[in-house]
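Report on the following structure.
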Amino acid sequence: MQTHLYRLATGQFLSDLDLTDTLTRIGTGRIVHLAADTGVGKSTFVVEQLARRHRVIFVVPQRMQIQQLMARYGQDPRIQFIFGGHDSGTPHRSCIVCTYDQLAHVAEHVELSRYWLVVDEVHKLYQAASYRGPAITNVLECILEQRCQQVLTLSATLTPALLPFRVDHWIDVVRPHPVPRQLEVRLYPSGPRMQEAILSLRPSAGRCLVIRVNDKAQQAHFKKGFEMVGLDCLAINRDRQADEEIQQLLTSERIDARHDVVLTTSLTDEAINITNQNIEAVHIFRDRIHAEELRQFVGRFRQQNPPMVYHLSEQALAATEIDLTQRRRHLESLGQALLGVYRHLDGLGIPADANRLNTVLENLGAPIKLLTTHVTDEGWPEPVLDPTAILADLYRCDTHNHYASAQTLEARLKQQFDSIEVRFCKESDGVSPQFKAQQDRIRDAVLFDHTQLMQSCWDEAVAACPEDETLDVGVACCAERHPESTLRGKVFSDWDMLNRVVLIDPGDSFDALLQQQGHAVWRFWKAANEDLLIQPLLARLHALPCGTVLNGDQAVQLFLESYRDTCREHPPFKEILRRAGGNRITVKANNHLAVSRRFVFRVLRHFSHCLERRSNGVYYFEFRGIQPFGYRYRLGGLNRTLKTLGLPSINTSGESRAIRSRHSES
């Protein structure tokens with residue numbers, strides 16, 4: 001790798017250097033990385049200089065960044081902005097700015113070999129790989145297959161060892177005087193004590209606190225707590241990014257002066273400019289954060305250098321270090337082994353796909369989906385190794401490695417920041433009685449707000465439903481009406497998808513969201529459709545008459561009979577149980593099967609509607625049907641799976657179990 005060093009003078013920006021000439025001289029077919037701190041004008045350089053000499057496709061992680069660029073360059077005829085929900089026509093201009101997920105769309109309409117590909121915030125290829133796999137895969141394929149004339153990657157922070165490609169040229173741009181940072185790490189003995197510390201924060205008059213809380217439920221809790229003591233609080237997350245207040249922040253690049261507290265998820269880590277000079281302090285709550293993310297987050301504040309406070313549990317600083325090189329090798333080898341299992345199963349005529357093989361890993365306790373589905377030129381789906389899954393896992397492990405000790409964390413921070421002073425302090429244990437009462441009031445208030453929102457969404461869906469149509473039509477209409485990046489839009493989108501795919505009755509779907517069981521129902525759907533260990537059990541439970549009462553021993557015996565029958569019909573299934581059963585299902589030395597009572601009870605509670613009671617130390621289950629948490633399940637997808645396994649289908653007829661009587665009445 002060749003390196004190039006540029007030093008900025010005081011007051012200089014990238015546009016003051018001859019970087020375009022340097023990049024042009026390097027030649028085509030190369031991967032060049034430009035490392036420069038936040039606030040030195042990387043995006044400005046690409047749009048105003050590089051894009052005047054070359055055709056450029058400028059891909060950025062999220063649309064909030066594009067919206068800020070549109071505010072500055074929206075009238076420039078050279079530039080076309082492409083992102084979800086914004087129609088600018090067919091891609092054709094000399095400078096195309098798009099989000100990662102739109103690169104495939106752009107590639108359908110332009111000749112990539114005539115364009116430079118500029119990847120902004122390239123560290124997001126591994127940071128966001130766990131939740132943006134398809135979008136990142138498109139970018140990676142474009143880079144690895146050398147589809148573009150030249151590749152330029154941009155980042156203020158980067159760990160090259162985590163990238164799946166080799167950088168040919170590295171351009172370092174350094175500031176004359178690094179910004180001196182101050183970070184205080186407060187260590188707490190318990191979670192409630194940490195929450196109390198956050199909720200007791202108060203900004204000085206005319207000042208604003210920014211708190212990074214990378215959990216939307218926790219963020220809503222804090223927001224309500226601050227509002228209950230009279231503070232004006234702005235919450236920023238993906239469900240709210242289309243809100244007027246947040247759009248105003250993007251356009252003005254300023255937090256409105258009326259806000260006392262701003263709560264944000266990691267959404268603002270990515271190239272959002274904030275030019276306020278009244279930020280009193282920046283707080284990071286609980287989340288184990290990579291040093292890269294911390295630097296990106298504080299780099300958003302362009303006009304000042306606020307002190308940073310990191311609130312962390314004492315238990316977080318006890319990680320066992322992981323060898324990343326060895327782990328990458330093991331993951332790649334494991335992925336190839338899974339593909340070998342797929343080929344063997346396919347040769348035996350046993351249906352398998354990427355999702356089911358990933359579920360085998362989950363059953364073994366591996367939190368990674370190594371395989372994804374690729375459609376061949378002949379139109380056949382087949383599993384392939386997913387590079388983004390490996391990137392996501394390595395990044396998670398690298399973050400984990402930060403927290404082996406206080407000394408390790410400090411060393412990683414000093415590697416990332418040119419100048420930083422880190423101070424650790426331990427907080428006392430115990431919370432006040434007043435705080436416990438406050439928590440109850442906050443929880444009640446958050447629940448009330450959630451119920452009010454859901455009730456208004458129900459009323460809107462009923463009003464939107466055409467005469468003589470079922471409620472699901474009204475839900476679909478509302479889902480189209482509201483952007484998903486708003487609270488109401490998120491509710492309608494989740495309601496519509498839950499009703500279309502998982503639950504039969506739109507009232508049941510609504511009730512699942514009202515009871516905040518939506519994620520749990522989706523987990524049920526995934527297991528029922530993809531988990532080879534669960535599917536034979538559901539088929540056996542289907543054969544039980546409604547009202548059957550089983551004690552614990554009888555339930556265990558029922559499960560064993562189900563697995564024995566499946567093994568007799570499909571002998572390789574026993575090997576699946578042996579490898580994937582973990583401590584739930586074991587194949588003994590004498591080849592007999594055993595299931596744990598805990599696993600049996602869990603399946604009955606999560607995958608069926610059972611009335612449970614205990615008498616003289618014995619558990620009894622009265623079986624009422626296969627339903628996730630009492631909701632009537634849409635079983636079409638499962639029936640297709642059971643048919644391929646040669647198992648009987650499950651009947652979906654019958655009345656819905658209603659926890660929602662008041663909704664039925666309305």
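The values are calculated or read from the model by the stated rules, or taken from the named source; none is laboratory data. The structure presented is a predicted model; accordingly, all values stated were derived computationally and were not measured. Glycine gets a Cβ as well: all are built from the backbone with ideal geometry, and neighbour counts include every protein chain shown. Areas reflect the complete protein model, heavy atoms only, side chains present, ligands, DNA and RNA absent. Shrake-Rupley method; radii C 1.70, N 1.55, O 1.52, S 1.80 Å.
Lys and Arg at +1, Asp and Glu at -1: add these up for the other residues within a Cβ distance under 14 Å of I368 and post the number.
Cβ neighbours under 14 Å give a net charge of 0.
Between T586 and D215, what FRET efficiency follows from the Cβ-Cβ distance if R0 is 45 Å, with the result rounded to 0.05?
Calculated value: 0.80.
If you place +1 on the Cβ of every Lys and Arg and -1 on the Cβ of every Asp and Glu, how big does the dipole about the Cα centre of the stretch 282-352 come out, in debye to the nearest 20?
220 debye
As a quick test, which of the pairs K124/K490; K216/K414; K42/K224; K124/K526 have an alpha carbon distance above 32 angstrom in this structure?
Table pairs above 32 Å Cα-Cα are K42/K224.
Starting from the Cα-Cα distance between R302 and D18, subtract it from 0.36 nm times their residue separation and give me the gain in nm to one decimal.
Stretched out fully, the R302 to D18 stretch lengthens by 99.8 nm.
Take every DSSP beta bridge whose two residues both sit in the chain, then give the antiparallel share in percent to the nearest 5.
Antiparallel: roughly 25 percent of the beta bridges in the chain.
So how far apart, in nm, are the two label points at V375 and H177 if each is 7 Å from Cα heading toward Cβ?
Using points 7 Å along Cα→Cβ, the separation is 5.8 nm.
Determine by what factor the alpha-carbon radius of gyration of the stretch 86-186 differs from 2.2 N^0.38 Å, reporting the quotient.
Scaled against compact globular proteins, the figure is 1.28.
Go ahead and collect, in residue order, the members of the stretch 73-92 whose backbone nitrogen is under 15 Å from a label point 7 Å along the Cα-Cβ direction of H109.
Under cut-off, by backbone N: 78-92.
Of all alpha-carbon pairs in the stretch 1-157, indicate the percentage at a distance above 20 angstrom.
Result: 47 percent of Cα pairs exceed 20 Å.
Based on the Kirkwood radius over alpha-carbon pairs, what is the Stokes-Einstein translational diffusion coefficient of the stretch 426-572 at 20 °C with 1.002 mPa s viscosity, in µm²/s?
D = 112 µm²/s.
Assuming a ≥ b ≥ c are the square roots of the Cα gyration tensor eigenvalues, decide whether the stretch 9-99 counts as rounded (a/c under 1.5), prolate (otherwise, with a/b larger than b/c) or oblate.
Taking the square roots of the gyration eigenvalues as a ≥ b ≥ c, the stretch 9-99 is prolate.
For a quick check: with amide H placed at 1.01 Å from N, whose amide H comes under 5 Å from I211's, ignoring anything fewer than 5 positions away on the same chain?
Under 5 Å from the amide H of I211 lie the amide H atoms of V262, L263, T264, H283, each far enough along the sequence or on another chain.
In the stretch 270-322, what percent of the accessible surface is made up of carbon and sulfur (1.4 Å probe, ligands and nucleic acids excluded)?
Percent of accessible area from carbon and sulfur atoms in the stretch 270-322: 40.
What does the accessible area per residue of the chain come to in Å², with a 1.4 Å probe and no ligands, DNA or RNA counted?
45 Å²
Have a look at the DSSP beta bridges in the stretch 53-208 and tell me what percent are antiparallel, nearest 5.
Just about 5 percent of them are antiparallel.
In nm, what is the difference between 0.36 nm times the number of residues separating S200 and Q248 and their Cα-Cα distance?
Full extension from S200 to Q248 adds 14.4 nm.
Note down the Stokes-Einstein diffusion coefficient of the stretch 309-460 in µm²/s, whole number, using a Kirkwood radius over alpha carbon pairs, 4 °C, and 1.567 mPa s.
The calculation lands on 63 µm²/s.
What residues have an amide H closer than 5 Å to that of I420, excluding those fewer than 5 places away on the same chain, when H is modeled at 1.01 Å from N in the peptide plane?
For I420, the qualifying residues are R181.
Roughly how compact is the stretch 464-530, stated as its Cα Rg over 2.2 N^0.38 Å to two decimals?
Expressed relative to 2.2 N^0.38 Å, the Cα Rg reads 1.11.
Grab the alpha carbons of the chain, take their convex hull, and tell me the volume per residue in Å³.
200 Å³
Work out the charge dipole of the stretch 141-238 with +1 on the Cβ of Lys and Arg and -1 on the Cβ of Asp and Glu about the Cα centre, then indicate which of V151, H169, Y188 is farthest towards its positive end.
Looking along the dipole axis, the top candidate is Y188.
Once the convex hull of the alpha carbons of the stretch 161-310 is built, what does its volume come to per residue, in cubic angstrom?
That works out to 155 Å³ per residue.
Order W522, W495 by their accessible area, 1.4 angstrom probe, all chains in place, largest first.
W522, W495
Taking all protein chains in place and a 1.4 Å probe, what share, in percent, of the accessible surface of the stretch 374-448 do carbon and sulfur account for?
That fraction is 52 percent.
Treat every Asp and Glu Cβ in the chain as -1 and every Lys and Arg Cβ as +1, leave all other atoms uncharged, and give the resulting dipole magnitude about the Cα centre to the nearest 20 debye.
The calculation lands at about 1560 debye.
Roughly speaking, what % of Cα-Cα pairs in the stretch 47-120 are separated by over 20 Å, rounded to a whole number?
18 percent
At 7 Å along the Cα-to-beta-carbon direction for both H86 and L453, put a label point, then send me their distance in nm to one decimal.
Taking the simple label geometry, H86 and L453 are separated by 2.5 nm.
For a distance above 20 Å, tell me the whole-number percent of Cα pairs in the stretch 411-494 that qualify.
Of all Cα-Cα pairs in the stretch 411-494, 62 percent lie more than 20 Å apart.
Using a 1.4 Å probe on the protein chains only, how many percent of the accessible area of the stretch 1-124 belongs to carbon and sulfur?
Accessible surface attributable to carbon and sulfur in the stretch 1-124 totals 45 percent.
Grab the eigenvalues of the alpha-carbon gyration tensor for the stretch 261-382, scale each by 5, take roots, and send me the semi-axes largest first in whole angstrom.
44, 19, 12
Could you work out how much longer the chain between E612 and H344 gets when fully extended? Use 0.36 nm per residue separation minus the Cα distance between them, nm to one decimal.
Gain on extension, E612 to H344, equals 92.3 nm.
Using only Cα atoms, what Kirkwood radius does the stretch 334-404 have, in angstroms?
One over the average 1/r among Cα pairs gives 13.3 Å for the stretch 334-404.
Amide H of T153: which non-local residues (sequence gap of 5 or more, or other chain) have their own amide H closer than 5 Å, using H built in the peptide plane?
Sorted by chain and number, the residues that satisfy this are V32, H33, L34, V119.
May I ask you to derive the relative contact order of the chain, considering only C-alpha pairs under 8 Å and at least 6 residues apart, and to give it as an integer percent?
About 12 percent, as a whole number.
Considering the dipole of the stretch 492-586 built from charges on the beta carbon (Lys and Arg +1, Asp and Glu -1) around the Cα centre, which of L577, A527, Q517 is farthest to its positive end?
Of the candidates, L577 comes out farthest on the positive side.
Just want the answer: with Cβ charges of +1 for Lys and Arg and -1 for Asp and Glu, which residue in G27, A71, V106 is farthest toward the dipole's positive end in the stretch 25-117?
G27
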